[in-house]
1. Please go through segment 62-71 and pick out each residue that is in contact (Cβ under 8 Å) with a residue 40 or more places away in the chain, buried (at least 19 other Cβ atoms within 10 Å of the Cβ) and under 15 Å from Leu43 (Cα atoms).
2. Starting from residues that are under 22 Å from Leu36 (Cβ atoms) and exposed (fewer than 10 other Cβ atoms within 10 Å of the Cβ), keep the ones in segment 126-161 and report whichever is farthest from the chain's Cα centre (by Cα).
3. Hey, could you check segment 137-165 for residues that are modelled with pLDDT under 80 and not small (Gly, Ala, Ser) and say which is nearest to Leu53 (Cα to Cα)?
4. Conditions: (1) modelled with pLDDT of 80 or more; (2) not assigned by TED's automatic domain parsing to the domain that holds Val157. Met24 meets all but one. Number of the miss?
5. Does Gly164 satisfy the condition of being surrounded by 12 or more Cβ atoms within 10 Å (Cβ to Cβ), of a type in the set (Gly, Ala, Ser), in contact (Cβ under 8 Å) with a residue 40 or more places away in the chain and more than 27 Å from Val41 (Cβ to Cβ)?
6. Looking at segment 83-106 only, could you name the residues that are free of Cβ contacts under 8 Å to residues at least 24 places away in the same chain, surrounded by 10 or more Cβ atoms within 10 Å (Cβ to Cβ) and on the phi > 0 side of the Ramachandran plot?
7. Give the residues of segment 129-156 that are closer than 25 Å to Ala67 by Cα and among the small types (Gly, Ala, Ser), sorted by residue number.
8. State yes or no: is Val40 under 30 Å from Ala150 (Cα atoms), modelled with pLDDT of 80 or more, surrounded by 10 or more Cβ atoms within 10 Å (Cβ to Cβ) and not assigned by TED's automatic domain parsing to the domain that holds Gly137?
Amino acid sequence: MRNDTWSATREVAPPRGRRAGLLMLAVFVAAQLVWLASAVVVLAAFSVRDGPLPLPALLAVLVVPTALAAVTAVAGTALVGGGPRPGRVARELAFRWRARDVGLGAAIGFGGLVVTIPAAALWSSWVGDEEANSAVGEAFAGRTLAPATAIGVFLVVWLLAPLGE
């Protein structure tokens, strides 16, 4: 008599080599498409009237696409990533906290500031102070925000967006 319960419960071997890379590329592309589509949908939902977008719409455009794309990437990695299912996402996306990694991240961040601040100053002097601005700065220009909202926007731009990327 054959044991059919074993064949129904065994885990399928994870993809390897080129196939695994192509599957993860497909997950990346899917996450990017979700980001783009959700940004268009959220923006279209709030842009039915003329004038500047209301504050909730600006926050939604900042948060929703990034969060949905990140969830898509994590779910796709859990579904098609390599290795056994337990711990797959952490292993594939290399989630781990070590003092060495924090130090390296801080050093890279500091190095980025060393390059970015002089480059921004040069750009500002080249195009003029009136033209040297950012997309987020233009979106929120002339708005008065409550302190909690301003802190929330700062955290979204400073923390959520880089984590999503």
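The values are calculated or read from the model by the stated rules, or taken from the named source; none is laboratory data. Values in this document were obtained by computation on a predicted structure and should not be read as measured data. Backbone-built Cβ (ideal geometry, glycine too); neighbour counts: all protein chains shown.
1. Initially, segment 62-71 is screened for residues in contact (Cβ under 8 Å) with a residue 40 or more places away in the chain, giving 62-63, 66-67, 69-70.
Then drop every residue that is not buried (at least 19 other Cβ atoms within 10 Å of the Cβ), which leaves 62, 66, 69.
Once the filter is applied, which keeps residues that are in contact (Cβ under 8 Å) with a residue 40 or more places away in the chain, buried (at least 19 other Cβ atoms within 10 Å of the Cβ) and under 15 Å from Leu43 (Cα atoms), segment 62-71 yields Leu62, Thr66.
2. Glu138
3. Looking at residues that are modelled with pLDDT under 80 and not small (Gly, Ala, Ser), I get Leu160.
4. The number of the failed condition is (2).
5. Details: surrounded by 12 or more Cβ atoms within 10 Å (Cβ to Cβ): yes; of a type in the set (Gly, Ala, Ser): yes; in contact (Cβ under 8 Å) with a residue 40 or more places away in the chain: yes; more than 27 Å from Val41 (Cβ to Cβ): no.
Judged against the criteria, Gly164 is not a match.
6. If the condition is that a residue be free of Cβ contacts under 8 Å to residues at least 24 places away in the same chain, surrounded by 10 or more Cβ atoms within 10 Å (Cβ to Cβ) and on the phi > 0 side of the Ramachandran plot, then Gly87 is the only one that fits.
7. Within segment 129-156, Ser134, Ala135, Gly137, Ala139, Ala141, Ala146, Ala148, Ala150, Gly152 meet the criteria.
8. Details: under 30 Å from Ala150 (Cα atoms): yes; modelled with pLDDT of 80 or more: yes; surrounded by 10 or more Cβ atoms within 10 Å (Cβ to Cβ): yes; not assigned by TED's automatic domain parsing to the domain that holds Gly137: no.
Taking the combined requirement at face value, the residue does not satisfy it.
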